[in-house]
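S.K.: I'd like to ask some things about the structure below.
The values are calculated or read from the model by the stated rules, or taken from the named source; none is laboratory data. Computed from a prediction, not measured in an experiment: that's the story for all the values here. Every residue, glycine as well, gets a Cβ built from its backbone with ideal geometry; the counts of neighbours run over all protein chains shown. Surface areas here come from the heavy atoms of the whole protein model, side chains and all, with no ligands, DNA or RNA. Shrake-Rupley method; radii C 1.70, N 1.55, O 1.52, S 1.80 Å.
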Amino acid sequence: MAKKVLMCGNEALAEAAIIAGCRFYAGYPITPQNEIPAYMSKRMLEAGGVFLQSESELAAINMVFGSSLTGARAMTSSSSPGISLKQEGISYLAACELPAVIVNIMRGGPGLGNIAPSQSDYFQAVKGGGHGDYHQIVIAPASVQEMADLTMLSFDLADKYRMPVMILGDGILGQMMEPVEFSLQPSAFSLQPKDWILDGCKGRKPRVIKSLILNETELENFNLKLQKRYREIKDKEQRCEVLYGEDSEIMLVAYGTTSRVARSVVEKLRKIGKKIGIIRPITLWPFPERTFKKLEKSVKSFLVVEMSCGQMIEDVKLAIDCAKPVHFYGRTGGKIPDEDEIIKELDAISGFSDRRSDRG
Amino acid sequence: MDKIFEKPESIRDKETHYCPGCGHGIVHRVICEVVDDLGIREKLIGIAPVGCAVIAYDYWDFDVTEAAHGRVPAVATGIKRSLPDRIVFGYQGDGDLGAIGTAEIIHAANRGENITIIFVNNTVYGMTGGQMAPTTLIKQKTATTPSGREQKTHGFPLKVCELLSVLPGVAYAERVSVHNPQNVLKAKKAIKKAFENQIKGLGFSIVEVLSPCPTYLGLSSKDAVKWVGEELVKEYPLGVFR
Ligand SMILES: Cc1ncc(C[n+]2csc(CCOP(=O)(O)OP(=O)(O)O)c2C)c(N)n1
Ligand code: SF4
Ligand SMILES: [Mg+2]
């Protein structure tokens with residue numbers, strides 16, 4: 001068994017990328033993700049790959065574009081303002097069917113905001129972000145161990161579906177230290193030769209990788225092809241963790257850092273016999289709709305907890321067709337919802353926690 | 001009988017979409033001749049820009065990708081760093097390289113990326129309808145400078161070769177023109193050198209090509225080349241800058 005090491009989330013993610021076979025990293029400094037380029041600047045060279053500190057996030061994502069089209073596993077990382085700059089490149093990656101992993105360690109916004117943790121880029125990540133009818137797969141780790149494991153998964157998904165994958169973390173996940181074990185091995189995908197890359201046309205016909213499609217019918221057909229792939233992904237790649245799905249009357253819904261707080265609330269209230277559980281989406285796109293559909297019948301209401309003014313809540317409502325009440329509790333600006341606040345919110349919904357007796 | 005003129009292997013047998021008298025076709029051909037001469041077609045990756053030359057891959061018979069507007073040098077960097085033994089070149093217009101992509105070109109040059117850039121300066125944004133480019137001359141009329149470019153509002157024509165020539169990462173910067181056959185031959189020599197530098201690993205090479213856009217100069221093909229040869233070269237002197 002691999003031994004556990006104490007690492008911060010950003011470094012665990014970077015090490016996992018190397019293990020997954022990532023051999024190209026380009027990025028521009030921004031807090032709270034600076035540990036990733038710092039780690040890569042050393043480790044990537046040891047691994048025989050390329051590390052580049054680019055002149056901007058625009059340049060970084062386009063360097064990743066260039067590297068990816070040669071068949072390399074390529075990654076860039078940034079935080080909210082920098083991710084806004086990458087949107088152009090992400091749209092081009094999607095259009096050119098190029099795999100890439102993009103890490104967003106979210107911070108408070110809008111604008112320059114602050115460097116405290118946040119989940120306010122959810123819309124940008126799951127609804128498109130850049131121009132055009134495209135999607136990226138969005139993965140939300142909730143621990144340092146998942147920062148590692150889900151990074152490896154992200155590279156596989158990017159290659160499998162030939163599209164950008166975003167890892168959506170926040171400042172806490174990036175910077176907190178936890179024990180982590182690098183037990184996963186690179187999958188078969190990382191070893192498969194890619195038959196679409198540009199590496200010089202020796203022994204084959206020249207290839208073109210481009211996104212301009214002037215003919216309307218051709219462009220519509222291309223979009224339909226993408227949509228077909230997106231449907232396949234929605235069908236096969238929904239991931240989430242459910243706690244107490246069998247008998248919960250109220251379900252918390254939270255991802256990433258907030259899911260950890262929500263989870264302790266659930267455990268606390270379970271101890272006093274409350275029928276409460278949690279759904280923790282791991283893929284934010286595709287959203288784990290099936291799980292919601294399944295639990296919708298038995299659950300009386302949902303409480304979505306986010307570090308935003310209410311973004312994922314829209315997907316929860318859509319997933320259950322607003323069949324049950326969906327409540328929201330969020331903090332922003334770098335504030336993290338705490339357990340008491342969530343319990344108070346539950347109280348307001350249904351007198352749920354029975355706090356008087358709790359206090360004794 | 002000896003054949004003295006033929007289609008380069010690297011160029012597809014296809015009519016181009018360029019306007020009559022446009023310089024892009026000439027530059028495409030010269031690049032393909034050089035590619036054939038150097039025998040690098042099978043290890044070559046070209047990058048088409050956003051601009052009139054965006055579908056250069058319809059004419060070039062080797063691996064080609066297409067970058068977002070202005071991002072050619074960043075894409076080239078990603079390719080070359082991942083495949084250092086391949087030959088990578090970018091093709092850019094003056095809007096692409098001199099306006100939206102200024103940061104990318106300066107930093108690729110400054111890093112001394114071992115790539116080749118062919119920069120087609122036609123003093124306008126051809127593709128979008130002849131708007132002012134950073135390279136537009138003072139007093140030159142364009143779609144967005146109807147009474148001529150004024151320095152007070154729009155600044156000065158941007159001298160890319162001069163600008164890049166001060167960067168130690170640049171191995172070679174030359175400005176050429178394609179307004180007559182003698183100059184096309186000189187352009188070919190320069191483009192060849194820019195590729196040879198890359199083969200030798202000497203670092204960043206750029207060839208700026210002054211090129212006519214008769215359509216948006218509002219001139220006949222004949223007058224457009226004359227204008228390039230007589231007027232444009234005054235603002236943009238030909239020669240080696242580094
Ligand atoms: C981000 C972005 N902005 C604007 C455009 C529109 N656009 C297409 S080509 C072009 C200018 C091209 O001019 P130049 O680089 O000089 O090339 P030319 O057509 O003259 O050869 C512009 C502004 C675009 N495609 N993408
Ligand atoms: S608009 Fe100008 S640059 Fe574009 S094809 Fe026509 S002549 Fe050439
Ligand atoms: Mg131009």
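S.K.: Say whether the condition of being out of contact with any Gly (no Cβ under 6 Å at 6 or more places or on another chain), open to solvent by less than 20 Å² (accessible area, probe 1.4 Å), under 17 Å from A:SER143 (Cα atoms) and of a type outside the set (S, T, N, Q) is met by at least one residue in the range A:284-299.
M.R.: Yes - at least one qualifying residue is present in the range A:284-299.
S.K.: In the range B:62-80, how many are facing another protein chain (nearest Cβ under 7 Å) and either assigned to a loop (DSSP other than H, G, I, E, B) or closer than 17 Å to B:ARG111 by Cβ (or both)?
M.R.: First, pick out the residues of the range B:62-80 that are facing another protein chain (nearest Cβ under 7 Å): B:62-68, B:71, B:74-79.
Adding the requirement that they be either assigned to a loop (DSSP other than H, G, I, E, B) or closer than 17 Å to B:ARG111 by Cβ (or both) leaves B:62, B:67-68, B:71, B:74-79.
Final tally of qualifying residues: 10.
S.K.: Within the range A:256-274, restricting attention to residues that are in contact with an Asp or Glu (Cβ under 8 Å, 6 or more places away or on another chain) and assigned to a loop (DSSP other than H, G, I, E, B), which residue is most open to solvent (accessible area, probe 1.4 Å)?
M.R.: Filtering first and then ranking leaves A:ILE272.
S.K.: Exactly one of these conditions fails for A:ILE172: (1) open to solvent by less than 70 Å² (accessible area, probe 1.4 Å); (2) within 11 Å of chain B (Cβ to nearest Cβ). Give me its number.
M.R.: Result: A:ILE172 fails condition (2) only.
S.K.: Continuing with this model, one more query. In the range B:30-55, which residues are within 14 Å of ligand 2 (Cβ to nearest atom) and more than 10 Å from chain A (Cβ to nearest Cβ)?
M.R.: If we filter the range B:30-55 for residues that are within 14 Å of ligand 2 (Cβ to nearest atom), which is where we start, we get B:48-55.
If the condition is that a residue be within 14 Å of ligand 2 (Cβ to nearest atom) and more than 10 Å from chain A (Cβ to nearest Cβ), then B:PRO49, B:GLY51, B:CYS52, B:ALA53 are the ones that fit.
S.K.: Taking the criterion of being farther than 30 Å from B:THR77 by Cβ and either more than 16 Å from ligand 2 (Cβ to nearest atom) or surrounded by fewer than 24 Cβ atoms within 10 Å (Cβ to Cβ) (or both), would at least one residue in the range B:165-174 satisfy it?
M.R.: Applying the first criterion (farther than 30 Å from B:THR77 by Cβ) to the range B:165-174 yields none.
No.
S.K.: Okay, next question. Are there helices (runs of 4 or more DSSP H) fully within the range A:1-108 with at least 2 residues that are farther than 23 Å from A:ASP159 by Cα and in contact (Cβ under 8 Å) with a residue 12 or more places away in the chain? List them. So that I can check it myself, show each step before the final result.
M.R.: Working: elements: A:9-19, A:35-46, A:57-68, A:80-95.
Passing ranges, in order: A:35-46, A:80-95.
S.K.: Something else now. Output the residues belonging to the range B:91-116 that are of a type in the set (A, V, I, L, M, F, W, C) and either within 13 Å of another protein chain (Cβ to nearest Cβ) or away from ligand 2 (no atom under 16 Å from the Cβ) (or both). Before you say what the answer is, go through the steps one by one.
M.R.: Going through the range B:91-116, the residues of a type in the set (A, V, I, L, M, F, W, C) turn out to be B:97, B:99-100, B:103, B:105-106, B:108-109, B:115.
Answer for the range B:91-116, where residues must be of a type in the set (A, V, I, L, M, F, W, C) and either within 13 Å of another protein chain (Cβ to nearest Cβ) or away from ligand 2 (no atom under 16 Å from the Cβ) (or both): B:ILE100, B:ALA103, B:ILE105, B:ILE106, B:ALA108, B:ALA109, B:ILE115.
S.K.: Consider A:GLY277 carefully, then state whether it is in a strand (DSSP E or B) and either closer than 25 Å to A:ILE336 by Cα or not assigned by TED's automatic domain parsing to the domain that holds A:GLY330 (or both). First the steps, then the outcome.
M.R.: Numbers: in a strand (DSSP E or B): yes; either closer than 25 Å to A:ILE336 by Cα or not assigned by TED's automatic domain parsing to the domain that holds A:GLY330 (or both): yes.
Considered against the rule, which asks whether it is in a strand (DSSP E or B) and either closer than 25 Å to A:ILE336 by Cα or not assigned by TED's automatic domain parsing to the domain that holds A:GLY330 (or both), A:GLY277 comes out as yes.
S.K.: A further question follows. Consider B:LEU167 carefully, then state whether it is over 19 Å from B:GLY23 (Cα atoms) and part of a helix (DSSP H, G or I). Explain how you work it out, then say what you get.
M.R.: On the way: over 19 Å from B:GLY23 (Cα atoms): yes; part of a helix (DSSP H, G or I): no.
It is false that B:LEU167 is over 19 Å from B:GLY23 (Cα atoms) and part of a helix (DSSP H, G or I).
Here's the yes/no breakdown for (1) within 24 Å of B:PHE156 (Cβ to Cβ); (2) open to solvent by less than 60 Å² (accessible area, probe 1.4 Å):
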| site | (1), (2) |
| --- | --- |
| B:ALA187 | no, yes |
| B:ALA190 | no, yes |
| B:PHE195 | no, yes |
| B:GLN198 | no, yes |
| B:PRO214 | no, yes |
| B:LYS222 | no, no |
| B:LEU232 | yes, yes |
| B:GLY239 | yes, yes |
| B:ARG242 | yes, no |
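S.K.: Any chance the range B:148-169 includes a residue that's within 14 Å of another protein chain (Cβ to nearest Cβ) and over 13 Å from the mean Cα position of the chain (by Cα)? Steps first, please.
M.R.: Step one: filter the range B:148-169 for residues within 14 Å of another protein chain (Cβ to nearest Cβ), giving B:167, B:169.
Those still in the list that are over 13 Å from the mean Cα position of the chain (by Cα) too: B:167, B:169.
Taking every residue of the range B:148-169 in turn, at least one turns out to be within 14 Å of another protein chain (Cβ to nearest Cβ) and over 13 Å from the mean Cα position of the chain (by Cα).
S.K.: Under the condition of being part of a loop (DSSP other than H, G, I, E, B), free of Cβ contacts under 8 Å to residues at least 40 places away in the same chain and within 16 Å of ligand 3 (Cβ to nearest atom), which residue from the range B:81-131 is farthest from the chain's Cα centre (by Cα)? I'd like the intermediate steps shown before the answer.
M.R.: First pass over the range B:81-131, keeping only residues part of a loop (DSSP other than H, G, I, E, B): B:83-86, B:101, B:111-115, B:122-123, B:126-130.
If we keep only those that are free of Cβ contacts under 8 Å to residues at least 40 places away in the same chain as well, we get B:83-84, B:101, B:128.
Still in the running and within 16 Å of ligand 3 (Cβ to nearest atom): B:101, B:128.
Working: B:GLY101: 14, B:THR128: 18 Å.
The residue in question is B:THR128.
S.K.: Considering only the range B:1-23, state which residues are within 12 Å of ligand 2 (Cβ to nearest atom), part of a loop (DSSP other than H, G, I, E, B) and more than 12 Å from chain A (Cβ to nearest Cβ). Break it down into steps so the answer makes sense when it comes.
M.R.: From the range B:1-23, those within 12 Å of ligand 2 (Cβ to nearest atom) are B:16-23; that's our starting set.
If we keep only those that are part of a loop (DSSP other than H, G, I, E, B) as well, we get B:16-22.
Residues satisfying the conditions are B:THR16, B:TYR18, B:CYS19, B:PRO20, B:GLY21, B:CYS22.
S.K.: Do any residues in the range B:226-242 that are in contact (Cβ under 8 Å) with a residue 12 or more places away in the chain have Cβ atoms under 8 Å from those of residues that are open to solvent by 60 Å² or more (accessible area, probe 1.4 Å) and assigned to a helix (DSSP H, G or I), where the two are at least six apart or on different chains, and which pairs are they?
M.R.: Partner pairs satisfying both residue conditions: B:LEU238/B:LYS186.
S.K.: Can you tell me how many residues in the range B:24-46 are part of a helix (DSSP H, G or I) and out of contact with any Gly (no Cβ under 7 Å at 6 or more places or on another chain)?
M.R.: Filtering the range B:24-46 for residues part of a helix (DSSP H, G or I) gives B:24-38, B:41-43.
This time we only want the ones that are out of contact with any Gly (no Cβ under 7 Å at 6 or more places or on another chain), so: B:24-38, B:41.
Total meeting the criteria: 16.
S.K.: Search the range B:141-161 for residues being touching a residue at least 40 places away in the same chain (Cβ under 8 Å) and out of contact with any Pro (no Cβ under 8 Å at 6 or more places or on another chain), and hand back the single one that is most open to solvent (accessible area, probe 1.4 Å).
M.R.: Just the residues of the range B:141-161 that are touching a residue at least 40 places away in the same chain (Cβ under 8 Å), to begin with: B:141-143, B:157-161.
Okay, now just the ones that are also out of contact with any Pro (no Cβ under 8 Å at 6 or more places or on another chain), so B:141-143, B:159-161.
Details: B:LYS141: 135, B:THR142: 14, B:ALA143: 65, B:LYS159: 65, B:VAL160: 6, B:CYS161: 0 Å².
That would be B:LYS141.
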